[in-house]
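One structure is given below, encoded as structure tokens.
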Protein chains: 2
Amino acid sequence: MHRPDNDLVDLVFDYMRERLQYDPVPLDHPGDGEHLRAQLAGLLNQDGNNPADVLKLYDHELSRAVISADSPRYLSFIPCAPTKAALLFDMVVSCASLQGISWLEAAGAIAAENQVLRLIADRAGLPQTAGGCFVSGGSAGNLSALVVARDTARRKLAEDGRPSGPEARLRIAVADQVHSSVKNTFNIIGVEAFKVPTVNRRFTGEALRAALAADPNPETVIAVVGTAGTTNEGIVDDLAGLAEVARERDLWFHVDGAYGGAGLFAPSVRERYNGIEHADSFVVDPHKWLFAPFDCAALIYRNPQLARAVHTQDASYLDVLHTEGDEWNPTDYAYHLTRRARGLPLWFSLAVHGVQAYTDAIETGLRLARDTAQLIRDTEHLELLFDPQLSAVCFKRTGWTNDDYYRWSQQLLADQIGFVTPTGWDGETVARFAFLHPGTTMEMVREILDTMA
Amino acid sequence: MHRPDNDLVDLVFDYMRERLQYDPVPLDHPGDGEHLRAQLAGLLNQDGNNPADVLKLYDHELSRAVISADSPRYLSFIPCAPTKAALLFDMVVSCASLQGISWLEAAGAIAAENQVLRLIADRAGLPQTAGGCFVSGGSAGNLSALVVARDTARRKLAEDGRPSGPEARLRIAVADQVHSSVKNTFNIIGVEAFKVPTVNRRFTGEALRAALAADPNPETVIAVVGTAGTTNEGIVDDLAGLAEVARERDLWFHVDGAYGGAGLFAPSVRERYNGIEHADSFVVDPHKWLFAPFDCAALIYRNPQLARAVHTQDASYLDVLHTEGDEWNPTDYAYHLTRRARGLPLWFSLAVHGVQAYTDAIETGLRLARDTAQLIRDTEHLELLFDPQLSAVCFKRTGWTNDDYYRWSQQLLADQIGFVTPTGWDGETVARFAFLHPGTTMEMVREILDTMA
């Protein structure tokens, strides 16, 4: 199984070469459980199967029962539209079974990944001391950062002679619009949400200051999470205002830019991110709007030593990793040990295409959102719910019930016109576009909107 | 950046084809930070670079500053030796930017992944209702499982009218040999370790029962973690004994088989795992001894509904995922949302090669460990520290100081003879082999041991 096998390489390379030619990538379809199980029955047996048959089963059955996130007609959730260079290099990472745990084992990979982290940190205006690592997604990034926030606060509490153990009530300020992974993280790490109401769905410094002033125990609030691009509406919080309150009260300031952080590379919206330079920790998912393949999140700390103090794992067989010098072990900066070198595909694509091409591609998504918003404004039976801030657009079809939206969404997919799932807005079901793929065109948008007539 | 580019495909495919021919894969070398930074300087600029130049820089500089975990001479930590079929299919996963979040979007990929989880669950003797998902590593698997253990205990405490909130002291029983990621998890999720001393480094039911009997507050212990193959020594805990105590006291029984779980496929050691069929949750990392590429851990629950109740994320744009029927959303069973379909490479390789080939490859590692142990026993200046239980072998060179081991290890790597890092044993520095790659030979082992003469 471990020896070179040219027939197998030819077989898989031929398939991949064909897949890479798709332009555009088709949406494909949801799957039927019973049918899939029947196709798979008996496949994992003692003796194995002809590789060509297995690949054919995958190609004809399994891969068709997957909606392709890299289709320009995939406008649901947040799409994933890797550049060809990034996904080709993701194959290289696979090919070399490259790991990215420690400087000792993977200096070459880590040096390249750190170059990308530095580029992102520069865009955010974080200091030269900033650093971190690539993790598997926003959930892992938010978790890893907020554990550092919590433990750093605990250390300070202990230094002040105040209760700092599990009995100490700790709260983290968030807006009602915060991402589900942050709420999930709070349960995991045992902190309470200090919920602050938003102003037009935006978390402002003023609202945070007022909520803290009105609370009887503001000293239990140890951190604040701002969102740079809410997933549903693409709204960037008042980061400058939140940062100011964080400074006043010595709170950890975490910015979740999993979806929207890529906007740091787009001049037309860069101003919205002012204040992010004060973040203590920051997450952006390159598998979203920086055109990297699944799964890849960049996690950056202002002061990585605080993260290292929390996340470094001790085990006798790992002692050898923890030497002095300029070694940088990505495993020390997040909740993981083994780690795919998942930042390399982005590194290769950035090195090949240059930063300007990324700026252009991100601006394309922003322009699509603005042009779509205008088209919706100009269409009598449609109602735009807000001026798009980034690349998400929420809107209504006058007179439609919840069921109408779901039926419409299913029909769109069945006809392979688009994948647009409904979302919620003030308790109502509405429609939502998430633009990201630079190959999405206004013609596709018009085609979709026409089905609502 | 998003259009097919045949020149780029040819360039990268040619590189990969060459890399796939390496037999054996060379170990390669640690990197020098200053040199790497000089090579990378200015690479991420506005306009980009010639792809051939970037790939050449990677090939000649970066990739040589990575010690290849898939070399048969990589015997440190736990190696990663993917089958060629698995790493080729990992490329397919990259190629298709396949996501693995939800049944709606990725039924074909999830059905195949679930077929592999079922195979593993069958080997462990878990019931037909068992299920879970693939996560990025043992850390993520242990975290996800233990949060479910904690929250399930809290729910029971609440039902009994006992304190169940953050104020409730919760402890999880572990042995002093438990993996660092489990200790790390305890900090993250806010539970205390109930530490039980091991008997010959093995966590036994008897020791657990005695420790609970001697403790004034045994009711605060809510779970027990058994290790099926400690990372340092490859020792499988007394799973049957631990399971019995867990049943007596209604504790959640989690088995961390990140490294050793693969031994379930090896008849010569299968008996050691008796009792694992009682696990409430179980983790095994296919990127270790099931020959999958980084990063891939299988997380399986006896009753996945308990996990779903804890891990399902709510957000208005995700409502569409949570419908009734036979949908299986991997995102609901662990701490993640976005997810690479990281179980597929193992699925393809198992389908192609059959289970017997895996059994043979795992038995090869076990045999290497046994034969190496015998060779060490037969060598006057070497001392075997224990009879290997799985594929890790710890041993001493008579008369060597700590520094001797480190110097020896560095020289071995410099000479490309082997990558064998020292580890700790009762406070002493000793040598350790971790066998896994079926291409490792006793000739290589002899060559390494000869350098200790």
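Bear in mind that the values in this text are calculations on the coordinates, not laboratory data. All figures in this text were calculated on a predicted structure; none of them were measured in a lab. For neighbour counting, all protein chains shown are included, and Cβ atoms are generated from backbone atoms with ideal geometry for every residue, glycine included.
What the table shows:
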quantity	calculated
Long-range lysine pairs (8 or more apart or interchain), the protein assembly as shown, Cα under 26 Å	20
Under the Karplus curve 6.51 cos²θ - 1.76 cosθ + 1.60, θ = phi - 60°, whole-Hz ³J(HN,Hα) for the stretch B:83-93, x wherever Gly or Pro sits	5, 4, 5, 5, 6, 5, 6, 4, 5, 5, 4
Backbone HN-Hα couplings from phi across the stretch B:62-77 [Karplus 6.51/-1.76/1.60, Hz, Gly and Pro as x]	5, 5, 7, 9, 9, 7, 6, 5, 9, 7, x, 9, 8, 10, 9, 6
Inter-copy label distances at A:Asn45 (7 Å, Cα→Cβ; nm, one decimal)	5.9
Dipole magnitude (debye, nearest 20) for the stretch B:64-184, charges at Cβ of Lys, Arg, Asp, Glu	340
Selection from B:Ala434, B:Ile448, B:Leu382, by position along the positive dipole direction of the stretch B:355-450 (Cβ)	B:Ala434
Nm distances between copies for B:Glu447, ranked from closest, using label points 7 Å along Cα→Cβ	5.8
Model label zone, A:Gln374; criterion: amide N under 11 Å from point 7 Å along Cα-to-beta-carbon; scope the stretch A:264-289	none
As computed over the protein assembly as shown, the Cα convex hull volume per residue (Å³)	153
Dipole in debye (nearest 20) - chain B, about Cα centre, beta carbon charges: Lys, Arg +1; Asp, Glu -1	740
FRET efficiency estimate (nearest 0.05) - Cβ-Cβ, B:Asp176 to B:Asp387, R0 25 angstrom	0.80
Residue-averaged beta-carbon neighbours from other chains (10 angstrom radius) around A:65-72	6
Solution diffusion estimate, µm²/s, Stokes-Einstein, the stretch A:356-450, Kirkwood Rh from C-alpha pairs, 25 °C, viscosity 0.890 mPa s	179
B:Lys195-B:Glu248 pseudo-label distance in nm [points 7 Å out on the Cα-to-Cβ vector]	2.4
Which of B:Val269, B:Gly241, B:His254, positive extreme of dipole for the stretch B:210-348 (C-beta unit charges)	B:Val269
Under 5 Å, built H, 5+ apart or other chain: amide partners of A:Ile67	B:Ala106, B:Ala107
For the stretch B:333-345, Karplus couplings with θ = phi - 60° (6.51, -1.76, 1.60), whole Hz, Gly/Pro x	10, 7, 7, 6, 10, 4, 7, 5, 6, 7, x, 5, x
FRET efficiency, 1/(1 + (r/R0)^6) with R0 51 Å, evaluated for B:Arg17 and B:Thr398 via beta carbons	0.60
Fraction of antiparallel bridges per DSSP, the protein assembly as shown only, in percent to nearest 5	60
Amide H partners (placed H, <5 Å) of A:Asp295, local residues excluded	B:Arg340
Positive dipole terminus of the stretch A:6-66, leading residue within A:Gln21, A:Leu36, A:Tyr58 (C-beta point charges)	A:Leu36
Other copies of B:Lys56: label-to-label distances in nm, shortest first, labels 7 Å along the beta-carbon direction	4.3
Per-residue Cβ neighbour rank within 10 angstrom, fewest leading, A:Glu34, B:Glu363, B:Glu233, A:Glu219	A:Glu34, A:Glu219, B:Glu363, B:Glu233
Cβ-based exposure ranking for A:Trp347, B:Trp408, B:Trp328, in which fewest neighbours within 10 Å come first	B:Trp408, B:Trp328, A:Trp347
Ranking of B:Arg162, A:Arg150 by count of other Cβ atoms within 10 Å, fewest first	B:Arg162, A:Arg150
Rounded to 5, the percent of DSSP beta bridges in chain A classed as antiparallel	60
Angstrom value of the Kirkwood radius, inverse mean 1/r, which spans all Cα pairs in the stretch A:92-353	18.6
Rounded FRET efficiency, nearest 0.05, which uses the C-beta distance separating B:Arg270 from A:Asn6 and R0 of 51 Å	0.90
